[in-house]
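Visitor: Dropping a structure here in structure tokens format, bear with me for questions.
What follows draws every value from the coordinates through simple rules; no lab data is involved. Since the model is a prediction, treat every value here as computed from it, not as a measurement. Here the Cβ is made from the backbone with ideal geometry for all residues, glycine too, and neighbour counts use every protein chain on show.
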Amino acid sequence: MRSHIQGDLSAGQFANKLLQIGDGKLPEDSSTGLIIMPCGQIANFPDELLSKVYPNIQQNFKYQDWLSHRAILTSRSNVVEKLNVTIQKQFSDVRIQFW
């Protein structure tokens with residue numbers, strides 16, 4: 001929808017890739033079963049993933065535009081929950097003030 005409204009071609013291409021994944025139309029690695037999709041970066045640990053997707057999050061989290069350009073996609077809600085907890089722990093010492 002964002003690509004349609006804002007004319008963002010890269011968002012449209014990404015949306016099409018997601019549709020292809022959902023329809024089972026992208027090739028898989030026969031040894032791992034993982035989908036072969038040359039985009040983004042690979043991270044081996046959750047902390048590494050979060051630092052790549054959300055660098056300097058303690059300084060940048062208050063900027064809506066910065067946040068709106070980042071996402072982590074996962075097929076399981078328990079993974080999302082664990083990542084959310086990890087992110088929230090980074091803010092245990094940060095005081096947030098709303099005006």
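Visitor: Starting from the 7 Å offset along Cα-to-Cβ, what nm value, one decimal, do you get for the label separation of residue 87 and residue 13?
Guide: That separation, rounded to one decimal, is 2.5 nm.
Visitor: Once the piece of chain linking residue 71 and residue 20 is laid out straight, how much longer is it, given 0.36 nm per residue of separation minus the C-alpha distance between them?
Guide: Here the segment from residue 71 to residue 20 would lengthen by 16.5 nm.
Visitor: Distance cut-off 23 Å, Cα to Cα: go down the list 17/52; 52/89; 62/89; 25/82 and report the pairs above it.
Guide: In this structure, 25/82 exceed 23 Å between Cα atoms.
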